[in-house]
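Have a look at the structure below before the remarks.
The values are calculated or read from the model by the stated rules, or taken from the named source; none is laboratory data. Worth saying up front: this structure is predicted, and the values here are computed from it rather than measured. For neighbour counting, all protein chains shown are included, and Cβ atoms are generated from backbone atoms with ideal geometry for every residue, glycine included.
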């Protein structure tokens, strides 16, 4: 087995003040790259028919494992004020979504990377890079970016992506009548199988990206969520236009997402809610948080 990592250090270290989650209690203090076999084993009986019936708590543990993997690839940005600000905007658009609450809530972490990227793990774990924030020019635009990621969570795109992966086999073993008592060697094998499946998820999110249809759906639903939270949904198109102008270099979204111009075209005309007014307070908050 690989070296065990302290989960409280790995997962959302920059958001400790934002989430009311006792990480050590949830994971027994230590996990294998975010994997907790005993926690998953307790609920494995409910996963015999695939991910269509996965519980929210199980989705959460999968998402935590994925989040731990992401944070072995990217360094969290140590800026409590910016992370707290992004969390507030995230909560606003999440409350306007089709899934306003997850098992342990939505959590955002800014990553200290110049790559232009953002992605969401199952259960409500959302990441946005410093590079993408440098393209964002208003709170409305940030809300559009975060709402897009909330849509991936709300529509369970991550779970749908892995429904036929190795994780299904791992859960089948965990839930079988013959596997109630595990030897240390069997636990190691199960952890390895689960870890391999989590690797698959991370590669899908970070390296390959979702399918075009899922990205277009996340854009449409995200624009609707932003509008419902009294943001201008057209601000997402402004971000996309800036991405198009920046060109296709640098990996990240340029590699894993459809072309920005195509995404903007698929969105069509967008308008804010009838009661929308541009807020100078939002502008001040945005400038203060991003130190503009």
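I'm trying to understand the selection: among the residues of segment 97-117, which are under 17 Å from residue 142 (Cα atoms), buried (at least 19 other Cβ atoms within 10 Å of the Cβ) and in contact (Cβ under 8 Å) with a residue 60 or more places away in the chain? The answer is 97, 107, 108, 109, 110, 116, 117. Output yes when any residue across segment 202-214 is modelled with pLDDT of 90 or more and in contact with a helix residue (DSSP H, G or I) (Cβ under 8 Å, 6 or more places away or on another chain), and no when none is. Checking segment 202-214: at least one residue is modelled with pLDDT of 90 or more and in contact with a helix residue (DSSP H, G or I) (Cβ under 8 Å, 6 or more places away or on another chain).
Looking only at residues of segment 261-292 that are farther than 14 Å from residue 238 by Cβ, in contact with a helix residue (DSSP H, G or I) (Cβ under 9 Å, 6 or more places away or on another chain) and in a helix (DSSP H, G or I), we find that the one that is modelled with the lowest pLDDT is 262. Quick check, is residue 46 surrounded by fewer than 22 Cβ atoms within 10 Å (Cβ to Cβ), touching a strand residue (DSSP E or B) at 6+ places or on another chain (Cβ under 8 Å), at pLDDT below 75 and farther than 23 Å from residue 217 by Cα? The answer is no for residue 46. Is it the case that some residue within segment 128-143 is in contact with a strand residue (DSSP E or B) (Cβ under 9 Å, 6 or more places away or on another chain), buried (at least 24 other Cβ atoms within 10 Å of the Cβ), modelled with pLDDT under 95 and assigned to a helix (DSSP H, G or I)? There is no residue in segment 128-143 that is in contact with a strand residue (DSSP E or B) (Cβ under 9 Å, 6 or more places away or on another chain), buried (at least 24 other Cβ atoms within 10 Å of the Cβ), modelled with pLDDT under 95 and assigned to a helix (DSSP H, G or I). Hey, does segment 61-79 have a residue that's under 21 Å from residue 236 (Cβ atoms), in contact (Cβ under 8 Å) with a residue 24 or more places away in the chain and touching a strand residue (DSSP E or B) at 6+ places or on another chain (Cβ under 7 Å)? Taking every residue of segment 61-79 in turn, none turns out to be under 21 Å from residue 236 (Cβ atoms), in contact (Cβ under 8 Å) with a residue 24 or more places away in the chain and touching a strand residue (DSSP E or B) at 6+ places or on another chain (Cβ under 7 Å).
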